[in-house]
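Worksheet for the structure shown next.
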Amino acid sequence: MFVEPEAIQWGLRVRRQLLLRVGVLAVVATTVAGCGSSGPKAGNPELAARGATMTTAKPARQDLANRVSLSGKVTMNPVFGLVAPVGGQVRYLDVKPAQSTPTKPTWVASVWADGKPNRVEVPAGATLAGRLVADRSTVTTGMPVVSAKLAGYGIVADIDAAQAYKLSDALTSVQAQIKNGPGPFACAVLGTIAALPAGTIPEPPAPAPTGPANQPPGKQAPPPADSGSGGADRNGATAPSEPTGLRLVCTPPADVKLINGAAATLEVVTEKATNVLVLPVEAVAGTQGKGKVDVVRPDRGRETRDVVLGLSDGKVVEIKSGLTGDETVAVPGPNLPPAKPGTDGGPTPAEPK
């Protein structure tokens, strides 16, 4: 069969047009697929801007207490000091040695001020152990004037000199824990924490002869037997107290079993604050008085602010002023700038010539 050239040429043109259309459709499909995804692939999160704050905290309100822990031990018949209630002149009373443990307070001295006496009393359960100043001495408020000896068990903790002022006005709340024993329980503080000098006891006046008239000269009646009241010798005279260092003496409730020499821990609450604004200590530069925090702005930048600090329990610190409580604060807090040369007590650099 013979095919005309015109027919062959027409067939070739139709074929080329079909191939061209198929190619255009393929390009359009690829373009549409590419336009449907305008960003990075799913599962590839964007990175935060360099320097952006990632960890933050918000101020909160809570009750706060500052505590100091002391190491002590159970002690029999511990000595403690009593102080002058006011400033004035101290006048001692002649107190007879106790024949048994007193069940009532014992009046042992008065401090006279503005023509009025202010009593100094040894509490019930304790006896006079010594006078700490001379009779008719001028004393100041809070100065130890009498030492006393507790009859029975107490808990005694030595105090470091650096802790003395922190504890001096904070003896109303003391908790005790006996190691491997009872506790915690409230422990009632006796007297002052101040160091005590050696106590003195005046010699009693010589007694008048009481023997029979026919008793040979120089022979005296035998001394009374020891009554067993701690602090008295065989002649009935009270033994003076030894000096002590800074220490805290307290007594547990009557139902707490104690063993002499057992180790104990005392926790003293020195300050309390109720419903105060606090921040984690990591968010604050500084620990006492004035400090600084970094407030995070809406754009995630930082703004350093000055704040006034209060109590701290080691985990949070009180913010007295500088924040309203609505801020977001960066953690950790700002780095304090280094001290200028010559301001840290070291040598000052020489001036350039």
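The values are calculated or read from the model by the stated rules, or taken from the named source; none is laboratory data. Computed from a predicted structure; not experimentally measured. Ideal geometry is used to build each Cβ from the backbone, glycine not excepted, and the neighbour counts take in all protein chains shown.
Residue pairs whose Cβ atoms lie under 8 Å apart, sitting 6 or more positions apart in sequence or on different chains, and linking a residue in region 229-249 that is β-branched (V, I, T) to a partner that is modelled with pLDDT under 50 and outside any loop (DSSP other than H, G, I, E, B), are T238/A232. Of the residues making up region 229-275, those that are surrounded by fewer than 20 Cβ atoms within 10 Å (Cβ to Cβ), modelled with pLDDT under 90, part of a loop (DSSP other than H, G, I, E, B) and not hydrophobic (A, V, I, L, M, F, W, C) are S229, G230, D233, R234, N235, G236, P240. Checking each residue in region 110-142 for being among the aliphatic types (A, V, I, L, M) and over 17 Å from S241 (Cα atoms) picks out V111, A113, V120, A124, V139. So, of the residues in region 55-70 that are of a type in the set (S, T, N, Q) and under 14 Å from the mean Cα position of the chain (by Cα), which turns out to be modelled with the highest pLDDT? Per the stated criteria, the residue is S69.
The C-beta contact set for region 132-146 (first residue assigned by TED's automatic domain parsing to the domain that holds A239, second residue surrounded by 12 or more Cβ atoms within 10 Å (Cβ to Cβ) and basic (K, R), distance under 8 angstrom, 6+ apart or interchain) comprises D135/R91; R136/R91; V145/R131; V146/R131.
Would you check which residues across region 164-190 are of a type in the set (F, W, Y) and either in contact with a Pro (Cβ under 7 Å, 6 or more places away or on another chain) or surrounded by 15 or more Cβ atoms within 10 Å (Cβ to Cβ) (or both) and list them? Within region 164-190, F185 is the sole residue that qualifies.
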